[in-house]
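*Asks:* My structure is below; once you've seen it, I'll send some questions.
No value in this document is a laboratory result; all are computed from the given coordinates. If you're wondering where the values come from, they're calculated on a predicted model, not measured in any experiment. Using ideal geometry, Cβ is built from the backbone for each residue, glycine included, and neighbour counts are taken over all protein chains shown.
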Amino acid sequence: MNVACGDLITASSEGWMRGHGTVVANGELVSCVAGKVERVDKLMRVRGVNGRYVGEVGDLVVGRVLEVGPKAWRVEIGGCRRATLALSSVNLPDDEQRIRTREDALSMRDLLDVGNVVCAEVQAVRQDGTVQLHTRSNRYGRLANGHLVTVPAGLVRRLPSHFVRYDDDLDVEVAVGNNGWIWVQRAIPMTWHEELSADTGGGSSGADALLTAEAWKTLRARHAARPLDRDDDRVDRVRAAIVVLGLRGAAVTADTIEHVYRDALAWGLTPPQMSTLKHSHRLVRALLSKKRKR
Amino acid sequence: MDVWFDVSGLRKDGRKPRELRAMDVKLGGPKPPNVDGCAWLRMGLTSVLAHCIGPSETKRRSDEVQDAARVSCTVVRGRREDPELATTVVRTLETAVLVDAFPRATISVVLHVLADEGSRLACCLNAASLALVDAGIPMRDCLGAAAAGLVADEVFFDLTRDEERRASAKARFTVAVLPRSRRVVSAHLDGAPLETSTFEKLLSRAIDAATLAANRLAQATRDHVGEAIQMRDATAATPPSRTNGRSTDTEEVVLLEKMIYDVKSAYFASFLSSSKHLPTTDEVVEALGDIKKKTPGLSPEDLAAALRTKYPSWLLDDMNWTELAEKMGD
């Protein structure tokens, strides 16, 4: 059921749990955003289409550092307020586990400076809705040498993995932030991984990687230093594919991105052409028809 | 003397006295990257474009409201701003939006009056409320606003510019309501002083007009939201592109095969080094017990042979046999 704001959901709020997007007015349960009513057992909630990102613990977010404050960075993640990334919740460059000293606080700009793009995980959400981030994993941290695209946060649902790697002919890596900020970069070749894991003797105790933190750092640095290839429009095309999805309000998943990419390639569209009104409409229609065939 | 009614009782533009102009609503759609919600509303020939940004971080610390969101508005009319109109819009929106949900944040609305052919304020309020809805900002109710005025001793709804000029000599009410609670959140009266009875009549008519407008806007948002949700949910279930599915599948399979079968591979070594994969004495005892149960009366040599088929020999070489013998007993 689709509702506008102020529409009646149930005539009595008794026996129902008031979820997101609903208010109780005069004993009636009324929607306060425009969207679709979803019922889970006794919980009534309205899921809107648009709306700023509301943090949830464990979400992957991509953001931009706006401010270096005392003992914390302030990161713009497209939410209602800026998020904070505390100095105590990042990995130190030497991977030491210790209390952060004054020297660490003074050299914060060496780790992350204003304008840097980071990917991080939501550690906690405070009472007033502000988000606290952490980057205590080798996968998180500063991003470089790629594109940042933003789409409405509602279009990104929780995916099996928010780090998507397209191998074969695409050769592109995408970090899909739950906040609708998406990072696109050329894939780091597997051979680099293997070289480094051979150097450092392979296994580490890290759950998500065979590489050590040190190896990740060199990998990142090597990627950041990789020169741009002007003839290679694959990253640009993936970026344009995400823009198309955002423009047309289609869900952003690993599959939809790839479909739009491949369709655009098959139709011979250049990346700037893809996001024009005419072609973006065509591309998304093609997406919908794919669904119907199944 | 111009004629406001012809014989059939219609207004100059062919409407009945209590009829609103045609409304044209365009919600959402492609918008600038920093804008959260946008709406374009046309009421007759009056049209307003509204953008909503926020709720976002307040620029200046001193502007923050401790426990609620701050609403700000700019109205651009032609080349200049209209601060008076903006204040009215802010006061109205503040009562409709659930500001408590976003402490210290700012919701800013920018309105562009593209064409003004009467009922400017009502059109601005409606467009602003639509932009807020599109931005997904929770509101108590779908706000609706409309003007009603006294023209030739008759109450006209949704005045055109011509009628406005005429009505302002007597009285013109612009009212914004929350239709569910029938709450008037703003009322503006222009014109000459009124008698109480006329005032009350005009006000209640204006509320009717605003409720009518609100219902139309609500229907428009319902339609828009339905489309948007359908698009999102339909595309969310897109099947995987074939190449993608296959490539990841095979990659995983290859990796698994390497781990299981290729004893010399680095993966296998790393697996072992995590110290979980050398069979412990207990595990071996259990395995021997199993073998004994299945085929009773085996000689110790036969048992050892059976064990060899279960584990590779080089693993068993590293076993602590004395400990094993103690545990087995025989």
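*Asks:* Which pairs, out of A:K278/B:K16; A:K42/B:K31; A:K71/A:K217, put more than 29 Å between their alpha-carbon atoms?
*Replies:* A:K278/B:K16; A:K42/B:K31
*Asks:* Same structure, new question: Starting from the range A:213-294, pick out the chymotrypsin sites (Phe, Trp or Tyr not before Pro) whose DSSP state is loop and whose Cβ has at most 15 other Cβ atoms within 10 Å.
*Replies:* A:W267
*Asks:* On to the next question. Taking GluC sites (Glu not before Pro) as exposed when DSSP calls them loop (any state but H, G, I, E, B) and at most 14 other Cβ atoms lie within 10 Å, what is the longest stretch of chain A free of them, the sites themselves excluded?
*Replies:* Answer from the scan: A:97-294.
*Asks:* Would you mind counting up the charge near A:K42? Only other residues with Cβ under 13 Å from its Cβ, with Lys and Arg at +1 and Asp and Glu at -1.
*Replies:* 0
*Asks:* Quickly work out the A:H193-to-B:K12 label distance, labels modelled 7 Å from Cα along the C-beta direction, and quote it in nm with one decimal.
*Replies:* Modelled inter-label distance: 7.4 nm.
*Asks:* Going by average Cβ neighbours within 10 Å, how do the peptides B:122-132, A:3-13, B:48-58 rank, with the highest at the top?
*Replies:* Highest to lowest by the protection proxy: B:122-132, B:48-58, A:3-13.
*Asks:* Also, I was wondering about something else. In terms of the Cα gyration tensor, with a ≥ b ≥ c the square roots of its eigenvalues, is the range A:234-293 rounded because a/c is under 1.5, prolate because a/b exceeds b/c, or oblate?
*Replies:* Because its axes are fairly even, with a/c under 1.5, the range A:234-293 counts as rounded.
*Asks:* Divide the volume of the convex hull of the Cα atoms of chain A by its number of residues and quote the answer in cubic angstrom per residue.
*Replies:* Cα-based convex hull of chain A, divided per residue, equals 177 Å³.
*Asks:* Could you pull out every residue, at least 5 positions away or on a different chain, whose amide H is within less than 5 Å of the one on A:A187? Hs are placed 1.01 Å off N in the peptide plane, and Pro or chain starts have none.
*Replies:* A:V172, A:E173
*Asks:* So what's the net charge close to A:A264: Lys and Arg +1, Asp and Glu -1, counting the other residues with Cβ under 12 Å from its Cβ?
*Replies:* With Lys, Arg at +1 and Asp, Glu at -1, the net is +1.
*Asks:* Put +1 on the Cβ of each Lys and Arg and -1 on the Cβ of each Asp and Glu in the range A:10-70; which of A:S13, A:A34, A:V57 then has its Cα farthest toward the positive end of the dipole?
*Replies:* So the residue we want is A:A34.
*Asks:* Also, I was wondering about something else. Between the range A:236-294 and the range B:167-209, what's the alpha-carbon centroid distance in Å?
*Replies:* Value for the Cα centre distance between the two parts: 50 Å.
*Asks:* How about the range B:59-139: which trypsin sites (Lys or Arg not before Pro) there are in a DSSP loop, with at most 16 other Cβ atoms within 10 Å of their Cβ?
*Replies:* Those satisfying the criteria are B:K59, B:R60, B:R79.
*Asks:* Net charge near B:R180, counting Lys/Arg +1 and Asp/Glu -1 over other residues with Cβ under 14 Å of its Cβ?
*Replies:* 0
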